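I have placed the structure first, in the form of structure tokens, so that the comments after it can refer back to it.
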Amino acid sequence: MATRTTLVSVTEQLGALNLNGESHAQEQAQTNGTHGSGHDGQGFGTLAVHAGQTPDPVTGAVIPSISLSTTFLQRAPNDPIGGYDYSRAGNPTRANFEEAVAKLEKGTKALAYASGSAATSTIINMIPTGSHVILVNDVYGGTFRYMTKVASQNGIEFDFVELTEPNNIEKYIKPNTRLVWCETPTNPTLRLVDIRAISTIIARYNSDPKFAPAPTRDPPLPPPPTPQDGIPRITFVIDNTFMSPYNQNPLTLGADVVVHSVTKYLGGHSDVVMGVAVTSNPAIYARLKFLQNAIGAIPSPFDCWLAHRGLKTLHLRMQAHERNALRVATYLSSHAKVIEAIYPGLPSHPQHELAKRQQKGFGGMVSFMIKGGKEEASRFLSGLKLFALAESLGGVESLAELPSQMTHASLTPEARAALGVTDSLVRLSVGVEEIDDLIGDLEQALVKV
């Protein structure tokens, strides 16, 4: 009975917000065709189903076969029949997936990797030793780990910067700054970065070769590395994993590279580990393509086929994720045992207006602060029955985790405290199950706290 009363309350609140059952993405698509303008004038869903999928000209198979071959026949030396010579350098199944993602992200080229972390490390390898990187401070724990434990050992300098205020970045740009790396929304506190504002600042520095360094350091800074032809002096990268191409297209807002952990929403079924990078800059693509082959962190053809299959329902899944997440966030925001519900789709989110302006939807991730601490959070998580206590996100099934002890355990306690990643912060990846069942599960677990 308590759960039923709560559900009625949630519906009333949604009605008051004028969001009763209709997502921001659907509302925007109806008014300005946001999701209806892609390559060749095709809508997002049409591209998701058809991009990178050409029926087999020999058998007529509508779904292309998985190309497992590691090597390919050549007519003469260095004259491959189909443009492929060795599967590390290129594979037909991987190429199909890359084409599809590029079109969905409104880019021209995409490159797939064995994991999101492999994509990250390959992009960092694009810049020379002695370079400086600026990252949003609330960055994914794996990216934090790579920068502090690996890149730092290879001569890369870095600063983690609070970027909810875009102008903060100017305090940290140096003559040897070569990369800016942002996530928006961030993981797990769901803060937003204004992509257009940051890209405008970076473009100003890129156009002025004599920009003044900020602030002065001792000992003197090394001379800036020489940019490669066509690659911006400062390359702007956005990790778009939380939003997916359905809800946000950073390349259209000024980013140079978009990266995804394909493991999450793009694959969507928690059965493949992959990463991908998308760009419209030919020089960046050429460099990353070389590194993809040289480093060799490529996905298998079968993984690419699974991920491509997942893409075909991305638009349907993201609508369901958002619809459920909004209901979950609204429910949690009024619960007596919850201090704060964090979701960009709630008017209470401090950057709600930016989310409406920059995104086409609010996504499926919800975080909240539970009253108490580690003990109460653990009791709640252990009491869940439908939400699986597990890392990762973006699958059709709902997941819950405690970032301070799980996904962000690689951060120092001081770093977690500064970001608000406390032992009472719970992160939910809201799946596509029936919403009444999900809220009922949250209710019965919160009762035990």
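The values are calculated or read from the model by the stated rules, or taken from the named source; none is laboratory data. On a predicted model such as this, the values are computed, not experimentally measured, just so you know. Using ideal geometry, Cβ is built from the backbone for each residue, glycine included, and neighbour counts are taken over all protein chains shown. Side chains are part of the model used for accessible areas, which takes the heavy atoms of the whole protein and leaves out ligands, DNA and RNA. Shrake-Rupley method; radii C 1.70, N 1.55, O 1.52, S 1.80 Å.
Peptides 377-390, 121-134, 240-253 ordered by packing proxy, namely the average of other Cβ atoms within 10 Å per residue, highest first: 240-253, 121-134, 377-390.
In this label model, Lys337 and Lys371 are separated by 1.0 nm, measuring between points 7 Å along each Cα→Cβ vector. With all protein chains kept in place, the per residue accessible area of the chain amounts to 41 square angstrom at a probe of 1.4 angstrom. Partner lysines whose Cα lies under 19 Å from the Cα of Lys374, excluding those fewer than 8 positions away in the same chain, are identified as Lys337, Lys448. The fraction of accessible area contributed by carbon and sulfur in the chain is 54 percent, rounded to a whole number (1.4 Å probe; ligands and nucleic acids excluded). Protection proxy ranking, highest mean first, for peptides 429-440, 101-112: 101-112, 429-440, where packing is the per-residue count of other beta-carbon atoms within 10 Å, averaged.
Summarising the strand pairing of region 314-447, around 85 percent of its internal DSSP beta bridges are antiparallel. Pairs of Cα atoms in region 314-447 fall into 5 Å distance bins, from 0 up to the last occupied one, in shares of 2, 11, 20, 24, 21, 14, 6, 1 percent. Taking every Cα-Cα distance in region 285-375 and sorting them into 5 Å bins from zero, the calculated P(r) comes out as 3, 12, 14, 13, 13, 10, 12, 12, 8, 4, 1 percent. Over all pairs of different C-alpha atoms, region 262-337 has a mean inverse distance whose reciprocal, the Kirkwood radius, equals 15.1 Å. I need the fraction of alpha carbon pairs in the chain separated by more than 37 Å, rounded to a whole percent. I get 26 percent for the Cα pairs in the chain exceeding 37 Å.
Cα centroid separation, region 306-361 to region 372-449: 15 Å.
In this label model, Asn293 and Lys149 are separated by 3.2 nm, measuring between points 7 Å along each Cα→Cβ vector.
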